[in-house]
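*Asks:* Have a look at this one.
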Amino acid sequence: MESFEFIVVGAGSAGCVVADRLSAAGHTVLVLEAGGADDDVFVKAPALFAGLFQGPHDWNYNSEPEPGLFGRRVFLPRGKMLGGSSSMNAMIYMRGSRADFDGWSSEYGATGWSYDDVLPHFTASENNAEFVDSFHGNEGGLNVTARRWLSPHADAFIESAVEAGIERNPDFNGAEQEGVGLFQLTAKDGRRCSAADAFLRPALERPQVTLITHATVHRVVVDDGAAVGVVYEHEGALHTVSVEREVILSAGAYNTPQILMLSGIGPAEHLAEVGIPVLIDSPNVGQHLQDHPLTILHWDTDQGDTLSDLADPALFEQWMADGSGKISSAAAEAAVLWKSDESLDSADFQMVFVPGYFWEHGWRRPTTSGLTIALSYNRPTSRGSVRLRSADPSDAPRIVSNLLSEEREVDAVVRAIGLVDRITAGGPLAKALGERVNPGRGVGADNLKDWIRAETQHMYHASCTARIGTPDDGVVDPELRVHGIRGLRVVDASVMPRITSGNTNAPTIMIGERGAAFILDAADEAAAVPRVSVSAV
Ligand SMILES: Cc1cc2nc3c(=O)[nH]c(=O)nc-3n(C[C@H](O)[C@H](O)[C@H](O)COP(=O)(O)OP(=O)(O)OC[C@H]3O[C@@H](n4cnc5c(N)ncnc54)[C@H](O)[C@@H]3O)c2cc1C
């Protein structure tokens, strides 16, 4: 049977980094990815990412009825292709605040993950086209840059926020996260730079990397307390491949806990319910799921320079020719990072300005031109879960995000809408805004909270389902080793002890860097003792 030193499950934001770093150090790596190539033009075209939803490159999950959202089921897209969700996302480059990582370290026991510890791992990946300073890297594979097309309404939003008392911030990933400014994107020349572009393609140049696409991992094979291989499905058949050193699960915050549970590593009671023999009773697998609730406000506008005409073929032709124009805009242009409560150690809101409508995942298409301010609540306390529907790996997991299950979270959104009212009341933005259509005229102080619960979705930032912690409160130790099993790590957004207060792609790539460094340290230390190999599926 073929065997590799390392098997990486999932070629997403973190998995691509791990494959790159381990192979660069000379190790043999097998990458198993359930999706296929990332060759759809919608992957490369920043403004068209929502066109990937529910297509062949999307896992296309839906939540169970959400108690905090009047029992609505919420659509949960995830990238199923090379690059994973980094090939589908809105490309915002936002690391989170210093307090996020210091909190991981001081409140969650994640030794080695303070801001000062992780900063070098952020900069190692980064090739920033604008900022050259101690907060940024300029030699990594991940291209980070300003957008090529910017609506004048973004400047108006910034000026109005400044008039409302918000300070300008030229760099949300620099010394301070708070303030108002423009986003940077993971892009180059007007086209997406995914984790596959940044890390996997260079890794595939090395002979020691093997990639199999359309390979869905069903479970990890464990022998005598150690991961010795994986079972995966490819072209309708089951295959087993053995590993000499480690299996690394990088399948994302929904699928990594699914694979752990299918392998018998999870809450014993739940595994018994679905008929899976328990290998390790690990009660926190699939627990503590977090995402950012996103509450979206819209206005009509009679002004031009919006993204309302994205379907115009001339815009697409322009972008195809030289990567310029509106298609190179990834919708979200500017933001206010703001504390709704002064006692907080960092901003709890990211107010995202879009020069167009972004409504119901981009599906609802109003006939008029519009502008959007979307409120991402960046410090949620609600936690949800991922469970198995059955022992069948092809069944989608049962996901409950539990968004806004705590009243204090809705109160915070109400405070944020108060700031939006101040920003939109005066300054240049007010001149561009027509009628506010969402919330519309029927919504007032007495029913605003109901409107919030009826409209809120999430920011596509699932995380924390195999979090760093002790065996009592987590799934992996601070070096990302799964408690109770040798030779098995989780390296993806699942390991965050608490969701970062910002978009999650950059921190997940950092987790890939940090995880790879731990793995390489261990590989250097370990005597090359041959492991038991797999004997049966
Ligand atoms: C629509 C959308 C918009 C977003 N916008 C932004 C943004 O603007 N900025 C930002 O920072 N973040 C954004 N995010 C979030 C960010 O992209 C994710 O947090 C990040 O990509 C997660 O990385 P990951 O490595 O944990 O998982 P993923 O990147 O999702 O990778 C997991 C990989 O594992 C594969 N896989 C899963 N199960 C199996 C299996 N059984 N066998 C084999 N392979 C498997 C998947 O197909 C996938 O390729 C967005 C996400 C989405 C979906």
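*Asks:* Kindly indicate which of PRO257, PRO207 is open to solvent by 10 Å² or more (accessible area, probe 1.4 Å) and not in a strand (DSSP E or B). Break it down stepwise before answering.
*Replies:* Numbers: PRO257 fails: open to solvent by 10 Å² or more (accessible area, probe 1.4 Å).
Exactly one residue qualifies, and that residue is PRO207.
*Asks:* Are any of the residues in the range 220-227 free of Cβ contacts under 8 Å to residues at least 60 places away in the same chain, over 30 Å from ASP133 (Cα atoms) and surrounded by fewer than 22 Cβ atoms within 10 Å (Cβ to Cβ)? Quick ask: steps written out before the conclusion?
*Replies:* So the first thing to find is which residues in the range 220-227 are free of Cβ contacts under 8 Å to residues at least 60 places away in the same chain, and the list is none.
Scanning the range 220-227, I find no residue that is free of Cβ contacts under 8 Å to residues at least 60 places away in the same chain, over 30 Å from ASP133 (Cα atoms) and surrounded by fewer than 22 Cβ atoms within 10 Å (Cβ to Cβ), so the answer is no.
*Asks:* For the range 391-409: of the residues being touching a Gly at 6+ places or on another chain (Cβ under 8 Å) and hydrophobic (A, V, I, L, M, F, W, C), which is nearest to GLY264 (Cα to Cα)?
*Replies:* Across the range 391-409, the extreme among qualifying residues is ALA391.
*Asks:* In addition: If I ask for residues that are within 16 Å of the ligand (Cβ to nearest atom), outside any helix (DSSP H, G or I), among the hydrophobic types (A, V, I, L, M, F, W, C) and open to solvent by less than 20 Å² (accessible area, probe 1.4 Å), which ones from the range 75-112 would you list?
*Replies:* Within the range 75-112, PHE75, LEU76, MET81, LEU82, MET88, MET91, ILE92, MET94 meet the criteria.
*Asks:* Among the residues of the range 151-184 satisfying the criterion of being open to solvent by 20 Å² or more (accessible area, probe 1.4 Å) and under 24 Å from the mean Cα position of the chain (by Cα), which is farthest from LEU371 (Cα to Cα)?
*Replies:* ALA175
*Asks:* For the range 17-47: of the residues being in a helix (DSSP H, G or I) and touching a strand residue (DSSP E or B) at 6+ places or on another chain (Cβ under 8 Å), which is most open to solvent (accessible area, probe 1.4 Å)? If you could, list the steps in order and put the result at the bottom.
*Replies:* The first filter runs over the range 17-47 and keeps only residues in a helix (DSSP H, G or I), leaving 17-24, 41-44, 46-47.
Retained after the next criterion (residues that are touching a strand residue (DSSP E or B) at 6+ places or on another chain (Cβ under 8 Å)): 18-19, 22-23, 43-44, 46.
Values: VAL18: 0, ALA19: 0, LEU22: 0, SER23: 0, VAL43: 2, LYS44: 52, PRO46: 1 Å².
My answer is LYS44.
*Asks:* To continue, here is another question. Taking the conditions exactly as written (open to solvent by 20 Å² or more (accessible area, probe 1.4 Å) and closer than 17 Å to GLY141 by Cβ), does ALA14 satisfy them or not? Break it down into steps so the answer makes sense when it comes.
*Replies:* Details: open to solvent by 20 Å² or more (accessible area, probe 1.4 Å): no; closer than 17 Å to GLY141 by Cβ: yes.
So ALA14 fails the test.
*Asks:* While we're looking at this one, here's another question. Taking the criterion of being part of a loop (DSSP other than H, G, I, E, B) and touching a helix residue (DSSP H, G or I) at 6+ places or on another chain (Cβ under 7 Å), would at least one residue in the range 355-374 satisfy it? Break it down into steps so the answer makes sense when it comes.
*Replies:* Going through the range 355-374, the residues part of a loop (DSSP other than H, G, I, E, B) turn out to be 355-359, 363-369.
Now narrow it down to the ones that are touching a helix residue (DSSP H, G or I) at 6+ places or on another chain (Cβ under 7 Å): 355.
Among the residues of the range 355-374, at least one is part of a loop (DSSP other than H, G, I, E, B) and touching a helix residue (DSSP H, G or I) at 6+ places or on another chain (Cβ under 7 Å), which makes the answer yes.
*Asks:* Could you please let me know if ASP524 is over 18 Å from VAL9 (Cα atoms), in a loop (DSSP other than H, G, I, E, B) and away from the ligand (no atom under 16 Å from the Cβ)? Before the answer, list the steps.
*Replies:* Numbers: over 18 Å from VAL9 (Cα atoms): yes; in a loop (DSSP other than H, G, I, E, B): no; away from the ligand (no atom under 16 Å from the Cβ): yes.
No.
*Asks:* For GLU64, indicate whether it is away from the ligand (no atom under 14 Å from the Cβ) and assigned to a loop (DSSP other than H, G, I, E, B). So that I can check it myself, show each step before the final result.
*Replies:* Details: away from the ligand (no atom under 14 Å from the Cβ): yes; assigned to a loop (DSSP other than H, G, I, E, B): yes.
Judged against the criteria, GLU64 is a match.
*Asks:* To continue, here is another question. Residues of the range 48-74 being open to solvent by less than 10 Å² (accessible area, probe 1.4 Å) and either more than 26 Å from ILE509 (Cβ to Cβ) or of a type in the set (S, T, N, Q) (or both), which ones?
*Replies:* SER63, GLU66, GLY68, LEU69, listed by residue number.
*Asks:* Go through the range 177-202 and give me each residue that's out of contact with any strand residue (DSSP E or B) (no Cβ under 8 Å at 6 or more places or on another chain), away from the ligand (no atom under 12 Å from the Cβ) and assigned to a strand (DSSP E or B).
*Replies:* ARG191
*Asks:* Which number in (1) within 16 Å of the ligand (Cβ to nearest atom); (2) assigned to a helix (DSSP H, G or I); (3) among the charged types (D, E, K, R) marks the one condition that ARG389 misses?
*Replies:* (2)
*Asks:* In addition: Mind listing whichever residues of the range 336-358 are open to solvent by 20 Å² or more (accessible area, probe 1.4 Å) and in contact with a His (Cβ under 9 Å, 6 or more places away or on another chain)?
*Replies:* Listed by number, the residues that qualify are TYR357, PHE358.
*Asks:* I'd like to verify a number: residues in the range 136-150 that are within 21 Å of the chain's Cα centre (by Cα) and closer than 30 Å to PRO428 by Cβ, how many?
*Replies:* Summing the residues that are within 21 Å of the chain's Cα centre (by Cα) and closer than 30 Å to PRO428 by Cβ in the range 136-150 gives 4.
The values are calculated or read from the model by the stated rules, or taken from the named source; none is laboratory data. This one's a predicted model, so the numbers in the text were calculated from it and none came from an experiment. Here the Cβ is made from the backbone with ideal geometry for all residues, glycine too, and neighbour counts use every protein chain on show. The accessibility values were calculated without ligands, DNA or RNA, using every heavy atom of the protein model including side chains. Shrake-Rupley method; radii C 1.70, N 1.55, O 1.52, S 1.80 Å.
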